[in-house]
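Have a look at the structure below before the remarks.
The values are calculated or read from the model by the stated rules, or taken from the named source; none is laboratory data. Nothing here was measured: the structure is a model prediction, and the numbers come from that model. Every residue, glycine as well, gets a Cβ built from its backbone with ideal geometry; the counts of neighbours run over all protein chains shown. We work out accessible area using only protein heavy atoms, side chains counted, and drop any ligands, DNA or RNA first. Shrake-Rupley method; radii C 1.70, N 1.55, O 1.52, S 1.80 Å.
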Amino acid sequence: MAVRKVSAAHIASLAPREDFPILAQTIRGVPLVFLDSAASSQKPHEVIDAMSRYYETSHANVHRGAYFLSEQASASYENARITIAKFIHARSAKEIIYTRNTTEGLNLIAQTWGLQNIHSGDVILLTEMEHHSNIVPWQMLAQRSGAKLVYTPVTDEGRLDIEAYYRLVCEHAPKLISFSLMSNVLGVIPPAKEMIAAAHSAGAVVLCDGAQFTAHYPTDVRDLDCDFLAFSGHKMLGPTGIGVLYGKRALLEEMPPFLGGGDMIHEVHLQSFSTAELPWKFEAGTPAIAEVIGLEAAILYLQRLQMTRVAEHDHAITKYALNRLSELPWAHVIGPASAEDRGAAISFTIDGLHPHDAATLLDRDGIAVRAGHHCAQPLMERFNIPATARASGYVYTTSNEIDALIESLKKAHAVF
Amino acid sequence: MAIDDLYREYILEHYRSPHNKGDLLQPDKYAAYSNPLCGDRIQMGVQFQDGKVADVRFNGNGCAISQAAASILTDMMLGKTPEELRQISRDDILEMIGPDIGPARQKCALLSLDVLRKGILGEPEAEDEELD
Ligand SMILES: Cc1ncc(COP(=O)(O)O)c(C=O)c1O
């Protein structure tokens, strides 16, 4: 075997690996290398235990229960909201609405604020790098309202064309601007704060998709000044089935409710109802209580790791992976080749090897990567490719795992 | 686990040099399907003569499994009557592709059979839902 010079200092896992029970297993006799955290992260013991403990000791439906268990469950459910509010620097826990995931948060805005405020001829400005969940709800709204969708293009390098963005903001004076704080395909992190300031001076309301971003970077909604932010618990060490929609209080107050039912009402009569206060106005039906508790445990875990250190670790892994991929002349990164303003989602194609085949061959070595269009078909069309393979690391990822990816890719390439 | 369990030389051969790849100028039947999971797309044109498949061509972009399966399936189709085409089963294709194919990749292997059954032969959607 050829001697390879060690390219950079070894990067250890930021989180203790043993905190993540799933990572201890072997797949087909080889240790699992999990590089699909952009799709969903793995969960530490603390999250899993918090949820089991809740079911074992304090499960009862929240709100309206005048007995010990229900009061406990309600308190945990509402305390988690405060933890989440602090995590993203919201002004108040009233600005934190529980959803199922990012997708539901984006749809909620489209179907409440959107239906109320978007009219025929209005422009909604999106970007070419959005996830389907930040495209389709707006297409559905456009069909109903007659609004027009305009997209900020992505450059050949794979970054948002910021010049074009500013031009489109001036030209169209969009009613709503919605964009991802970090692309799940390109890894790109657009200059959100500047983009939001420009949007506001043109009179637009700004919604941010934080599905990827909030998992990896400190998030401060007051500093960003976004009007809405949607994110998912499952990408940030938390359970599936729980997401968060942040909204500025003044906007949330004016919005009509989303789903109707229990918990979201103040009073109901045969012919009319009045809505509950924020945030419950947007939370109809029995919520995902255990998942809320799991998400709080995940956030406390991330806060102990410190989000600035999470960001540094993920940046180091990204830089290392981009470097190592650049050693393979037949592998092509889709997205910026430099780790600057770029997060830990790395998409690539391989000459002569379809991403699906690559993923299957990597799986033979216990390496989990995703292959496909990553719910971003317009972006695939933009780059004229059917699909990519994507490796995405997180707090438990090590440079050894990236080395394993590279070695396995070499093997796979040799087969074809 | 050995890599070549799935990517045997036989499959790679069909992928590298697919049979019946291209387009028919005037097909009697034409259909195209894509796999929404991965965006793979297969289109197929068929020409019949005396009630039998005289020529068949497929085209499209995709992984080795979907392309090899299309190559193998179109070979099988030549000379068959519509009745005989209907007899080609999922298992026939999966057997040819190899036993070691996971559920995720089965969709790739069966994409071209979908084109044949639903598109060319016009079988109803429900056929695909059988629990076998
Ligand atoms: C950028 C981006 N937006 C939105 C989503 C949708 O998230 P969820 O499926 O949790 O609703 C994802 C998840 O893949 C994403 O990466």
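Details
- Interface residues in segment B:3-28 - accessible area drops by 10 Å² or more relative to the isolated chain, probe 1.4 Å: B:I3, B:L6, B:Y7, B:L12, B:Y15, B:R16
- Cleavage-rule hits, GluC sites (Glu not before Pro), segment A:317-416, DSSP coil, Cβ neighbours within 10 Å at most 13: A:E327, A:E340
- Candidates A:S41, A:S145, A:S183, ranked by Gaussian network fluctuation over chain A, Cα under 10 Å, top entry: A:S145
- When chain A is treated as a Gaussian network with alpha carbon springs shorter than 10 Å, the biggest mean-square fluctuation among A:N101, A:N79, A:N384 belongs to A:N384.
- Think of a 1.4 Å ball rolled over the protein heavy atoms: segment A:288-351 then has 36 Å² of accessible area per residue.
- Interface area, B with A, accessible, probe 1.4 Å, both sides summed, Å² nearest 100: 1500
- Descending by average beta-carbon neighbour count within 10 Å, the peptides A:391-397, A:257-263 line up as A:391-397, A:257-263, the highest first.
- Calculated mean residue ellipticity at 222 nm for the protein assembly as shown: -11000 deg cm²/dmol, from DSSP H runs with n ≥ 4 weighted as -39500 (n - 2.57), summed, divided by the residue count and rounded to 500.
- Counting Cβ atoms of other protein chains within 10 Å of each Cβ in A:351-363 and taking the mean gives 5.
- Sulfur and carbon atoms: percent of accessible area, chain A [1.4 Å]: 54
- The antiparallel fraction among DSSP beta bridges confined to the protein assembly as shown stands at about 70%.
- Three-way shape label, chain A, alpha-carbon gyration tensor, a/c 1.5: oblate
- In terms of its alpha-carbon gyration tensor, segment A:106-189 comes out oblate; a/c meets the 1.5 threshold, while b/c is at least as large as a/b.
- Computed accessible area, B:D91, all protein chains, 1.4 angstrom probe, square angstrom: 100
- The distance linking segment B:83-123 with segment A:255-328 is 41 Å (Cα centroid to Cα centroid, whole angstrom).
- Solvent-accessible ranking of A:C375, B:C108, largest area first, probe 1.4 Å: A:C375, B:C108
- Under 15 Å, Cα to Cα: Lys pairs in chain B, sequence gap 8 or more or different chains: 5
- Modelled FRET efficiency - R0 45 Å, A:K86 with A:H119, Cβ distances, 0.05 increments: 0.75
- Loop sites here are trypsin sites (Lys or Arg not before Pro) outside DSSP states H, G, I, E and B with no more than 13 other Cβ atoms within 10 Å. The longest part of chain A free of them is A:92-416.
- Between A:H200 and A:L251, residue separation times 0.36 nm minus the direct Cα-Cα distance comes to 17.0 nm.
- Largest mean-square fluctuation among A:I124, A:I11, A:I334, in a Gaussian network model of chain A whose springs join Cα atoms under 10 Å apart, belongs to A:I11.
- Peptide B:58-64, shielding by other chains (average Cβ, 10 Å cutoff): 4
- A straight Cα-to-Cα reach below 17 Å connects A:K193 with the lysines A:K248, residues fewer than 8 places away in its own chain not being considered.
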